[in-house]
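Chemist: Okay, handing you the structure first.
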Amino acid sequence: MRLTTATKITLVRFLLVPFLIFFILNGEFKLSFVIFSIAALTDGLDGFVARKFNQRSPLGAILDPASDKILMLSAFITLSLTEISLNRVPKWLVLSIFTRDFIIVSGVIFLRFFYNVKTFSPSIWGKMTTGAEALTGILVLLGNAISRAIPFISSLYYLTFFLVLISGFDYSLKGLLLIKNKNQ
């Protein structure tokens, strides 16, 4: 199987995750900020390249959302546990993101194996949630990199949490509707 440029960009995001974790845990927040920012940008870039150059592929359709979830959860878990950081992601936000992602992934697997649903389109709520998560990660890391508390970061945590809930309900409802339609 030939890897498309879009899929290669997605793989870069995967490969950046261990470096991100290492640098966060070692208090290297400037490097962490750069790595996370690049990784977050690749999320939009791989999708753009896939659409613009007709490089959508089954592998990319699996790797792209998986790499998003791995990047965000790795960054947020690490940033919630790091004692040396000025700005820390609250554990309740990490738990909400983990729970939502677990439910979504479990639902996708269930629909794939029991109802033969092969394609899953991201919703606008899912895209907004990913954007809020990326912005939250970037600002937390930036604040840590410049040793400044981000004054509005708590508001961003709550906005991200709200979007996590809305997108979780949205995906759950879409999954239930797919099951209902398949059973008719």
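Bear in mind these aren't lab numbers, they're just calculated from the coordinates by the rules spelled out. Predicted model only: the values in this text are computed from it and were never measured. FYI the Cβ positions are ideal-geometry reconstructions off the backbone, even for glycines, and counts take in every protein chain you see.
Chemist: In region 1-64, what trypsin sites (Lys or Arg not before Pro) fall in a loop by DSSP, with at most 11 other Cβ atoms inside 10 Å?
Modeler: On the way: sites: ARG2, LYS8, ARG13, LYS30, ARG51, LYS52, ARG56; in loops: ARG2, ARG56.
Taking region 1-64 and a limit of 11 other Cβ atoms within 10 Å, the loop trypsin sites (Lys or Arg not before Pro) found are ARG2.
Chemist: With +1 on each Lys and Arg Cβ and -1 on each Asp and Glu Cβ, how big is the dipole of the chain about its Cα centre, in debye rounded to the nearest 20?
Modeler: On the way: 18 positive and 9 negative charges, 119 e Å.
Once rounded to the nearest 20, the dipole reads 560 debye.
Chemist: Across all directions of projection, what mean area in square nanometres is found for the Cα convex hull of region 40-88?
Modeler: On the way: hull surface 15.0 nm².
Mean shadow area of the hull around the Cα atoms is 3.7 nm².
Chemist: Just the Cα atoms of the chain: what Rg and Dmax do they give in Å?
Modeler: 17.1, 58
Chemist: For region 80-184, build the charge dipole from Cβ charges (+1 Lys, Arg; -1 Asp, Glu) around the Cα centre, then report which of PHE110, SER85, LEU95 sits farthest towards its positive end.
Modeler: Selected residue: PHE110.
Chemist: Determine, for the chain, the count of lysine pairs separated by eight or more sequence positions (or lying on different chains) whose alpha-carbon distance falls under 18 Å.
Modeler: The result is 9.
Chemist: Follow-up question, since we're still on this one. Once the Cα atoms of helix 58-81 and of the chain are each reduced to a long axis, what angle between those two axes, in degrees from 0 to 90 to the nearest 10, is obtained?
Modeler: Tilt of helix 58-81: around 30 degrees.
Chemist: At a threshold of 8 angstrom on Cα-Cα distance, excluding pairs fewer than six apart, so keeping six or more, what relative contact order does region 5-183 reach in percent?
Modeler: Numbers: 186 pairs, mean separation 47.1, N = 179.
The normalised contact order for region 5-183 reaches 26 percent.
Chemist: Compute the length gained on full extension between LYS182 and ASP170: take 0.36 nm times their separation in residues and subtract their Cα-Cα distance, giving the result in nm to one decimal.
Modeler: Working: separation 12, 0.36 × 12 = 4.32 nm, distance 1.84 nm.
That pair, LYS182 and ASP170, stretches by 2.5 nm at full extension.
Chemist: Another question, if that's okay. Karplus couplings for region 141-149 from phi (6.51 cos²θ - 1.76 cosθ + 1.60, θ = phi - 60°), rounded to Hz, Gly and Pro as x?
Modeler: Those phi angles translate into 5, 4, x, 5, 5, 9, 6, 10, 6 Hz.
Chemist: In degrees from 0 to 90, rounded to the nearest 10, what is the angle of the helix 153-183 Cα long axis to the longest principal axis of the chain?
Modeler: Approximately 10 degrees, to the nearest 10.
Chemist: In 10 Å bins starting at zero, report the fraction of Cα pairs in region 108-160 per bin as a rounded %.
Modeler: The percentages, shortest bin first, are 22, 32, 21, 17, 9, 0.
Chemist: Picking from THR10, THR119, ILE70, whose Cα lies most toward the positive end of the charge dipole for the chain (charges on Cβ: Lys, Arg +1; Asp, Glu -1)?
Modeler: Among THR10, THR119, ILE70, the one farthest towards the positive end of the dipole of the chain is THR119.
Chemist: Considering amide H positions built from the backbone, and no H for Pro or chain starts, which residues 5 or more places from VAL117, or on another chain, come under 5 Å of its amide H?
Modeler: ARG112
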